[in-house]
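Trainee: Structure provided below as structure tokens; questions to follow.
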Amino acid sequence: MTVDVRAVTESEFPDWQRALRTGFLRPPVVSDEEVADRLPHVDLARTLGAFDGDRVVATFRSFRQEVSTVGGGSLTADAITQVTVSPTHRRRGLLRRMMSGDLAAAKERGDAIATLIAAEYPIYGRYGFGPASSCSEWSVDVRRAGLDPRRSGRPEDGGRIDLTDADEIRKIGPEVHRRLAGVRAGVTDRSPRDWEVGTGRSVQSGPWREPYYAVYRSESGEVDGFVAYTSDDKWDDAKQPLNTATVRDLIAVTPAAERALWHYLCSVDWITTVRSGYRAPDDPLPLLLPDPRAAKLLTYADMLWVRVLDVVRVLEGRTYPVTDGLVLDLRDRDGFAGGRYRLDASPDGASCVRTDESADLALDIAELGVLAFGDESAVRLGRLGRVEELTAGAAARADLLFRTPLRPFSPDIF
């Protein structure tokens with residue numbers, strides 16, 4: 001029987017949810033409460049299913065997203081999520097059909113890029129996606145860190161830390177998050193729905209444990225950061241605490257806020273280990289400790305994947321630290337954004353146009369997304385065979401143009 005790929009209807013949404021849970025190896029049971037909570041926040045026109053008869057055997061959904069660029073700008077993205085193919089229907093081209101249709105629609109809408117978080121690394125390069133940001137996760141042995149626990153809640157910079165609740169976080173959090181997008185590329189926007197889900201005020205995909213919330217205010221009273229964290233309850237045989245604080249969300253937009261929040265977490269009574277949650281790949285956490293060896297790296301992996309759909313908007317939508325011009329020959333086997341482009345950039349702005357000039361660099365469209373967000377070296381990509389240098393020294397010049405002092409980071413999984 002032919003498998004039909006199309007948008008799902010409201011009545012088919014519960015079956016689509018069951019197929020999604022099956023693909024993610026979660027119990028294939030969907031409650032009426034869950035359907036009622038999620039359906040109003042889903043664009044059914046962008047929610048695709050593959051139907052074998054009446055059964056949903058693959059899922060795919062996209063939504064509008066804003067992603068911060070180098071220099072504090074933003075790009076409209078086609079954010080792709082909830083992609084599954086049931087184990088009975090793998091290797092039949094269903095993902096290719098859903099992805100191709102969605103990217104074509106995104107191109108038609110005028111989205112500059114498509115984005116996703118890849119559960120598995122090898123899948124999405126074939127569709128023109130490249131890993132544009134990375135994440136790290138740390139475990140801190142508080143007893144070795146060397147911090148003075150008497151400083152808990154009393155930052156040395158004159159600011160203060162206050163405990164608060166989810167209601168206040170939903171009020172102050174969006175502005176702090178927007179400020180983060182102004183200083184770091186790769187930050188994806190959070191909708192009001194995201195704040196509701198992130199603070200436990202909607203149906204959750206798993207058991208919810210209410211976190212503790214703490215806010216950092218500068219000496220002038222401005223909110224420059226906050227943290228949400230949970231704690232377990234473990235004690236050893238000698239009645240000594242062995243509790244771990246696990247960070248669910250930590251956003252800091254100034255160095256003082258970042259230092260104060262980490263020092264606070266490492267000074268809470270009974271906490272002997274702090275797990276950082278996903279952080280930027282260049283997060284300063286270890287070096288904020290008197291003994292950086294107290295922080296152990298647990299995870300270093302790719303985070304946000306980017307697929308360029310509009311070369312001009314992507315390259316003109318960021319800032320550049322130096323003045324130079326490069327001609328890029330971009331290969332795109334799906335035909336959305338390939339061709340030859342001339343980029344002329346300076347600290348005052350940039351222009352990008354199609355050209356017939358000889359190219360300085362040749363690369364696949366996936367590599368352009370990686371370079372445009374500033375997290376990769378064109379020289380290193382050249383050594384890997386993923387960038388071809390056609391003009392001597394062009395890769396080194398590209399590094400000077402594209403690299404950024406702060407590496408991109410995407411705090412949210414979607």
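The values are calculated or read from the model by the stated rules, or taken from the named source; none is laboratory data. Just so we're clear, the structure is a prediction, and the values are computed from it rather than from any experiment. Positions of Cβ are backbone-derived with ideal geometry, glycine not excepted, and every protein chain shown enters the neighbour counts. Protein only, heavy atoms only, side chains kept; ligands, DNA and RNA dropped before computing areas. Shrake-Rupley method; radii C 1.70, N 1.55, O 1.52, S 1.80 Å.
Trainee: Counting only residues that are modelled with pLDDT of 80 or more and in contact with a Leu (Cβ under 9 Å, 6 or more places away or on another chain), which one in the range 142-154 is farthest from residue 224 (Cα to Cα)?
Mentor: Of everything passing the filter in the range 142-154, 144 is farthest from residue 224 (Cα to Cα).
Trainee: Only one of these is surrounded by fewer than 18 Cβ atoms within 10 Å (Cβ to Cβ) and either among the small types (Gly, Ala, Ser) or assigned to a strand (DSSP E or B) (or both): 105, 77. Name it.
Mentor: 105
Trainee: Can you spot a residue in the range 371-379 that is surrounded by fewer than 19 Cβ atoms within 10 Å (Cβ to Cβ), touching a Lys or Arg at 6+ places or on another chain (Cβ under 8 Å), free of Cβ contacts under 8 Å to residues at least 40 places away in the same chain and farther than 30 Å from residue 255 by Cβ?
Mentor: No, the conditions are met nowhere in the range 371-379.
Trainee: Being in a loop (DSSP other than H, G, I, E, B), of a type in the set (Lys, Arg) and either in contact with a Phe, Trp or Tyr (Cβ under 9 Å, 6 or more places away or on another chain) or farther than 24 Å from residue 314 by Cα (or both), is that true of even one residue in the range 48-64? Before you say what the answer is, go through the steps one by one.
Mentor: Pass one, the range 48-64, residues in a loop (DSSP other than H, G, I, E, B): 53-54.
Next, only the ones that are of a type in the set (Lys, Arg) stay: none.
No, the range 48-64 contains no residue that is in a loop (DSSP other than H, G, I, E, B), of a type in the set (Lys, Arg) and either in contact with a Phe, Trp or Tyr (Cβ under 9 Å, 6 or more places away or on another chain) or farther than 24 Å from residue 314 by Cα (or both).
Trainee: Answer yes or no as to whether residue 407 is over 26 Å from residue 103 (Cβ atoms) and either open to solvent by 10 Å² or more (accessible area, probe 1.4 Å) or aromatic (Phe, Trp, Tyr) (or both). If you could, list the steps in order and put the result at the bottom.
Mentor: Working: over 26 Å from residue 103 (Cβ atoms): yes; either open to solvent by 10 Å² or more (accessible area, probe 1.4 Å) or aromatic (Phe, Trp, Tyr) (or both): yes.
Yes; evaluated as a whole, the condition is true for this residue.
Trainee: Looking only at residues that are free of Cβ contacts under 8 Å to residues at least 60 places away in the same chain and under 27 Å from the mean Cα position of the chain (by Cα) in the range 115-162, which one is surrounded by the most Cβ atoms within 10 Å (Cβ to Cβ)?
Mentor: Checking each candidate, the answer is 123.
Residues checked against (1) farther than 30 Å from residue 219 by Cβ; (2) out of contact with any Pro (no Cβ under 9 Å at 6 or more places or on another chain); (3) not hydrophobic (A, V, I, L, M, F, W, C):
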| site | (1), (2), (3) |
| --- | --- |
| 72 | no, yes, yes |
| 92 | yes, yes, yes |
| 102 | yes, yes, yes |
| 107 | yes, yes, yes |
| 138 | no, no, no |
| 149 | no, yes, yes |
| 156 | no, yes, yes |
| 163 | no, yes, no |
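Trainee: Of the residues in the range 344-370, how many are among the β-branched types (Val, Ile, Thr) and assigned to a loop (DSSP other than H, G, I, E, B)?
Mentor: 1
Trainee: For the range 293-329, give me each residue that is farther than 30 Å from residue 358 by Cα and open to solvent by less than 50 Å² (accessible area, probe 1.4 Å).
Mentor: Of all residues in the range 293-329, those farther than 30 Å from residue 358 by Cα come to 293-304.
Passing the criteria: 294, 295, 299, 301, 302, 303, 304.
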